Amino acid sequence: MLRAWLAASMLLAASANAEHVRWLTLQGDTTDVATDVVQVAPETITVFDNLRTMEIRVSRSAQRAAYDGGQYRSFMATAEVHCGDKSAVWKRHEYFAGPLWTGPSRKFNHLANKQPAMLFRSMNPNPVHRIVQAACSLESVKNG
C-alpha cells in the first residue's frame with residue numbers, strides 16, 4: 001500500500017504547491033508529543049538513476065544527541081537512498097529544540113565523504129527498510 005501511495009503522490013507532484021508539503025506518516029501519532037513520529041514527503045522524491053533523494057521528518061519522544069554535537073527533539077532532513085545496495089544516508093538536517101518541528105532550529109549539512117547512514121536508533125519498528133524499499137520501487141518516476 002505504501003508503494004501505491006508513493007506512486008500516486010508522485011503523479012500529483014506536478015500540480016503540488018511548492019510551499020505546501022504533504023507528509024505521509026509512517027509511524028507515530030502527530031497529536032502525541034510523547035511518541036516517536038516518522039514522516040516522508042512523497043512529492044519530494046527525486047530520481048537519479050539508482051539514487052533517490054527525499055525529505056523526511058522525525059519527532060522523537062525524548063531529547064537526543066544530534067550529529068552536530070547538540071541536542072534536538074525533532075528534525076527535518078534530506079535523505080539519499082542508494083537502490084543498488086539498498087542503503088540510505090543523511091545529506092542534511094535541520095534540528096528543532098521542540099517536538100513536532102517546533103522551537104528554535106539550526107541547520108547542519110553533512111560533508112559528502114562523511115554522510116551518516118540513515119538510522120532511527122531505538123525506534124521499534126525501525127522504518128529504514130520500508131523507506132528504502134518504497135523509494136527504490138519508483139522506477140517509473142520522472143526527474144523533478
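The values are calculated or read from the model by the stated rules, or taken from the named source; none is laboratory data. Because the structure is a prediction, the values reported are computed rather than measured. Cβ: placed from backbone, ideal geometry, glycine included. Neighbour counts: every protein chain shown.
When segment 93-106 is filtered for residues that are within 21 Å of Thr53 (Cβ to Cβ) and over 15 Å from the mean Cα position of the chain (by Cα), only Ser105 remains.
For (1) among the basic types (Lys, Arg); (2) assigned to a loop (DSSP other than H, G, I, E, B); (3) at pLDDT below 50, each residue gets a yes or a no:
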residue: Trp5; (1), (2), (3): no, no, yes
residue: Ala8; (1), (2), (3): no, no, yes
residue: Leu11; (1), (2), (3): no, no, yes
residue: Asn17; (1), (2), (3): no, yes, yes
residue: Leu26; (1), (2), (3): no, no, no
residue: Asp29; (1), (2), (3): no, yes, no
residue: Val33; (1), (2), (3): no, yes, no
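Pick out, from segment 41-133, the strands (runs of 3 or more DSSP E) lying fully within it that include 2 or more residues that are in contact (Cβ under 8 Å) with a residue 60 or more places away in the chain and exposed (fewer than 14 other Cβ atoms within 10 Å of the Cβ). Per the criteria, no element qualifies. Would you confirm whether or not segment 54-66 contains a residue that is basic (Lys, Arg) and closer than 18 Å to Arg22 by Cα? The answer is yes; a qualifying residue exists.
Against the criterion of being surrounded by fewer than 18 Cβ atoms within 10 Å (Cβ to Cβ), part of a strand (DSSP E or B) and either at pLDDT 95 or above or more than 14 Å from the chain's Cα centre (by Cα) (or both), Lys142 does not qualify.
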